[in-house]
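The values are calculated or read from the model by the stated rules, or taken from the named source; none is laboratory data. Please read all numbers here as calculations on a predicted model, not as lab measurements. Note that we place each Cβ from the backbone using ideal geometry, even for glycine, and neighbour counts take in every protein chain shown.
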Amino acid sequence: MIRLIKYSNRPIKLNWGKFLQVAGAVFLTAAMLKNPHLVFEGASYGLKTWWNIVFPSLLPFFIISELLMNFGIVHFLGTLLEPLMRPLFNVPGAGSLVVAIGFTSGYPIGSMVTAKLRSQGLCTKTEAERLISFTNNSSPLFMLVAVAVGMFHNPKLGTLIATAHYLASITIGIALRFYKRETAKRFNNRLYTQCGHLQAAVRQLLQKINDDKRSAGTIIGDAVSNAVSNLLNIGGFIILFAVIIRLLDASGVIDFLAKLLGFLLFPFKFSPGTLRALASGLFEITTGTKLASEIEAPLTEKLIAVSMILGWSGLCVHTQAAAMLRGTDIGMKVFYISRVFHACLAGIYTFILLKLPVTAIQTAYYTGKPAHLIFPANKPLFYSFRCLESMVAILLAMVAINIFLNAIKIIYHLIKKYCTR
């Protein structure tokens, strides 16, 4: 028996977003079949980048962040540093770990830790959107070693690039404290008034430890397993975008985007080489920064271009951050907008820093030729542990500042109490 199927005459609403994704996938498949040698070259480059730089530099941070979450350190910091993080960034105290790791590791670990906080109910949706927008920063290892030493052959430039990058990030974090301020979760200090500030934090830590019935070996094993799984996911994105950039470059799309950026950035009068580097940086930061360091242009223009690329971070990093947020209700709109402002602010801060007398003297000795390598650039794992030390230092500094502010508050109340008698 043949069953007749009647189709409805109702028009089907076209989802342009999905349609463009399908069209892009078809175009990419056709380009890969036509240029298999470019696919191999791009994949090899992406694999080397992931294995030699990304994997050893991020693995310790991924593992330690998992351990800090599972052992209750985040709950301890969340209770202890709430009075500091709330007025500064309008995020919970648990966000201090995201800030410390995001400023000392690299993309996209800020998104991963934020997703963990959201899944455990330690922050609201709005607070998570604030956190991912200013804690997904470039790695100090990449800026100080890969860019300054490996690309510019001048270690002194690393401090300038990193300073501009982090200043822009902090500026965005402070500005975003006003984003959906009326929906912010107010801090409840009932626990503080019951048992004291530090005791409340210790109580939260002990409660988390008691609630987790897993053994220490199981917790460490799960942390390593999750860290490697996330890094494999990131490696896939890096290899894919390395192939995409090779294909776009061969097809002339990069040159077209460079001309478009030249029209949009006409007041700044960037050279064609700088615009081409910015166009490549729209997709992947390593390729964009390398091109920016090799162009025939003034050093100021090169450094501004590199800062803008690092601030934007590239679509490759954006997709990695989105992958880390799977299974959560965290939106990406604020993140994308903040990337644009980060790129602009980083370029402005770089220009201002270059005008300072000390910076001008340092950069005056730039020759563009290979200089003495102060840092062992071929040892990313060494720098990973140095960055871990920096992360601990940032957390301890936050705790010290919080204790100092609370001490001032206590002294103020005591003076007020005795003076009003």
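What to note about this one:
- V26, sole failed condition from (1) surrounded by 18 or more Cβ atoms within 10 Å (Cβ to Cβ); (2) modelled with pLDDT of 80 or more; (3) in a helix (DSSP H, G or I): (1)
- Within the range 309-328, the set of residues being in contact with a Leu (Cβ under 9 Å, 6 or more places away or on another chain) and surrounded by fewer than 21 Cβ atoms within 10 Å (Cβ to Cβ) comprises L315, T319.
- Test for I64: is it surrounded by 18 or more Cβ atoms within 10 Å (Cβ to Cβ), touching a Pro at 6+ places or on another chain (Cβ under 7 Å) and among the aliphatic types (A, V, I, L, M): no
- Of all residues making up the range 149-180, the number that are touching a helix residue (DSSP H, G or I) at 6+ places or on another chain (Cβ under 9 Å), part of a helix (DSSP H, G or I) and either at pLDDT below 70 or of a type outside the set (A, V, I, L, M) (or both): 11
- Residue match in the range 47-65 (condition: more than 19 Å from the chain's Cα centre (by Cα), under 18 Å from A223 (Cβ atoms) and modelled with pLDDT under 80): no
- The residues in the range 215-235 that are loosely packed, with under 14 Cβ neighbours inside 10 Å, among the small types (G, A, S) and part of a helix (DSSP H, G or I) can be counted, and the count is 5.
- The residue of the range 184-214 that is nearest to the chain's Cα centre (by Cα), among those that are loosely packed, with under 13 Cβ neighbours inside 10 Å, at pLDDT below 65 and not in a helix (DSSP H, G or I), is R186.
- Conditions (1) at pLDDT below 80; (2) farther than 30 Å from N210 by Cβ; (3) buried (at least 21 other Cβ atoms within 10 Å of the Cβ); number of the one not met by P108: (1)
- Counting only residues that are acidic (D, E) and within 26 Å of I244 (Cβ to Cβ), the range 30-74 holds 1 of them.
- Residues (assigned to a helix (DSSP H, G or I), polar (S, T, N, Q) and either crowded, with 24+ Cβ neighbours inside 10 Å or at pLDDT 80 or above (or both)) located in the range 72-104: S96, T104
- Pairs, first surrounded by 15 or more Cβ atoms within 10 Å (Cβ to Cβ) in the range 329-345, second among the basic types (K, R) and part of a helix (DSSP H, G or I), C-beta under 8 Å, six or more apart: I330/R118; I330/K125; V334/R130
- Condition check for L264: of a type in the set (A, V, I, L, M, F, W, C) and either surrounded by fewer than 22 Cβ atoms within 10 Å (Cβ to Cβ) or under 19 Å from L354 (Cα atoms) (or both): yes
- Yes/no for I238 being within 30 Å of W50 (Cα to Cα), in contact with a Phe, Trp or Tyr (Cβ under 6 Å, 6 or more places away or on another chain) and in a helix (DSSP H, G or I): yes
- The set of residues in the range 242-284 that are in a helix (DSSP H, G or I), without any contact (Cβ under 8 Å) to a residue 40 or more places away in the chain and under 22 Å from the mean Cα position of the chain (by Cα) comprises A277, L278, A279, S280, G281.
- Residues within the range 296-328 that are within 18 Å of S338 (Cα to Cα) and in a loop (DSSP other than H, G, I, E, B), tallied: 2
- Count of the range 125-146 residues which are within 12 Å of the chain's Cα centre (by Cα), assigned to a helix (DSSP H, G or I) and under 14 Å from I337 (Cβ atoms): 3
- Positions within the range 102-139 being closer than 21 Å to G72 by Cβ and acidic (D, E), in sequence order: E127
- Within the range 114-161, considering residues that are in contact with a Pro (Cβ under 7 Å, 6 or more places away or on another chain) and of a type in the set (A, V, I, L, M), the one farthest from T49 (Cα to Cα): L122
- Residue under evaluation L122, criteria (1) aliphatic (A, V, I, L, M); (2) part of a loop (DSSP other than H, G, I, E, B); (3) within 12 Å of the chain's Cα centre (by Cα), criterion not met: (3)
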